[in-house]
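Worksheet: the structure to be examined is printed underneath.
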Amino acid sequence: MSTRAKRDASLTDYARPSVAVDTAVLTVRDGALCVGLLTDERTRRRRLPGTFLHEGEVLADAVRRSLREKAGIRDVEPAQLHVFDAVDRDSRGWVLSVAHMAVVRANALGTLDALPVPDAVGLDFDHDAIVAFAVERVRADYADRADPSGLLDEPFTIRSLREVHEAVLGHRLQPDTFRRRVLPQLDEVGAVRRGGVGKPASLFARRPSTRSS
């Protein structure tokens, strides 16, 4: 094709893939970082919730639609992760997936089944890789912020916050070191939780500047 012909070519002259969105919905449940999954009724294989992009629809709206319609999840703010474009990723044809993630509280998974991340393997398509991207992102977020995804109700104790971090990061944390690291991001609310053994625990809230936007 000549240079002039290339300039005059229409968009319809080029092959176009289908565009999908797939979303890793993460939470902490029973002390473990979990991902919410659907099960294909025909194949019994697990997969992330997803859908194809509709005409005139932006990606974030497609994510919200898929979570609402397939899992009953509403009021989420999806974060875009990565574009998965292997030509053989979907046996049905040429499909690009723009992967997203959302971090929600354990009671907000809708109809998704929560599976600990280490057990979420052998998923449909390339969803194992999408989960790995999402886990890396949420761990980076929690490495230097107190509770950026708002997994805890406020107020909370330092111990409960540390337990969330341990679940997200996948390993134990030294209590004193953790306390020193997160205290600058917290405000003590002046209340204590009584009735336990030992010294009452102070309660904290996230400082406004550390909350998710």
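Looking at the stretch 17-39 only, could you name the residues that are under 13 Å from Leu53 (Cα atoms) and more than 12 Å from the chain's Cα centre (by Cα)?
Pro17, Ser18, Val19, Ala20, Val21
Looking at (1) closer than 21 Å to Lys70 by Cα; (2) without any contact (Cβ under 8 Å) to a residue 12 or more places away in the chain; (3) under 14 Å from the mean Cα position of the chain (by Cα), which one does Asn107 not meet, given that it meets all the others?
Among (1) closer than 21 Å to Lys70 by Cα; (2) without any contact (Cβ under 8 Å) to a residue 12 or more places away in the chain; (3) under 14 Å from the mean Cα position of the chain (by Cα), the lone unmet condition for Asn107 is (3).
Residue by residue, here is whether (1) at negative phi; (2) polar (S, T, N, Q); (3) not in a helix (DSSP H, G or I) holds:
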| site | (1), (2), (3) |
| --- | --- |
| Ala15 | yes, no, yes |
| Thr23 | yes, yes, yes |
| His54 | yes, no, yes |
| Val63 | yes, no, no |
| Lys70 | yes, no, no |
| Arg74 | yes, no, yes |
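Given the residues Ala134, Ala167, which is the only one that is under 30 Å from Arg46 (Cβ atoms), assigned by TED's automatic domain parsing to the domain that holds Asp119 and small (Gly, Ala, Ser)?
Ala134 is the lone residue from the list that is under 30 Å from Arg46 (Cβ atoms), assigned by TED's automatic domain parsing to the domain that holds Asp119 and small (Gly, Ala, Ser).
Could you count how many residues in the stretch 150-170 are closer than 22 Å to Val76 by Cβ and surrounded by fewer than 19 Cβ atoms within 10 Å (Cβ to Cβ)?
Summing the residues that are closer than 22 Å to Val76 by Cβ and surrounded by fewer than 19 Cβ atoms within 10 Å (Cβ to Cβ) in the stretch 150-170 gives 3.
Residue check, Val135 against (1) without any contact (Cβ under 8 Å) to a residue 12 or more places away in the chain; (2) under 27 Å from Asp88 (Cβ atoms); (3) not charged (D, E, K, R), all met but one. Which one?
With respect to (1) without any contact (Cβ under 8 Å) to a residue 12 or more places away in the chain; (2) under 27 Å from Asp88 (Cβ atoms); (3) not charged (D, E, K, R), Val135 is out only on (1).
If a residue has to be more than 16 Å from the chain's Cα centre (by Cα) and under 15 Å from His127 (Cβ atoms) to count, how many in the stretch 51-69 make the cut?
1
Looking at the stretch 80-92, can you tell me whether even one residue there is over 12 Å from Ile130 (Cβ atoms), touching a Lys or Arg at 6+ places or on another chain (Cβ under 7 Å) and surrounded by 14 or more Cβ atoms within 10 Å (Cβ to Cβ)?
No: zero hits.
If Asp40 satisfies all but one of (1) over 30 Å from Arg172 (Cβ atoms); (2) surrounded by 18 or more Cβ atoms within 10 Å (Cβ to Cβ), what's the number of the condition it fails?
It fails just one condition, (2).
With the structure loaded, tell me whether Val28 is in a helix (DSSP H, G or I) and under 26 Å from Asp153 (Cβ atoms) or whether it fails that test.
no
Can you name the residue in the stretch 178-195 that is in a strand (DSSP E or B) and either of a type in the set (Asp, Glu) or modelled with pLDDT under 95 (or both) and is also surrounded by the fewest Cβ atoms within 10 Å (Cβ to Cβ) among such residues?
Only one residue tops the list, namely Gly190.
What do you reckon, is Val95 at pLDDT 95 or above and either under 25 Å from Ala140 (Cβ atoms) or over 16 Å from the mean Cα position of the chain (by Cα) (or both)?
In short, no.
The values are calculated or read from the model by the stated rules, or taken from the named source; none is laboratory data. Values in this document were obtained by computation on a predicted structure and should not be read as measured data. A quick note on method: Cβ atoms are made from the backbone with ideal geometry, for glycine too, and the neighbour counts reach across all protein chains shown.
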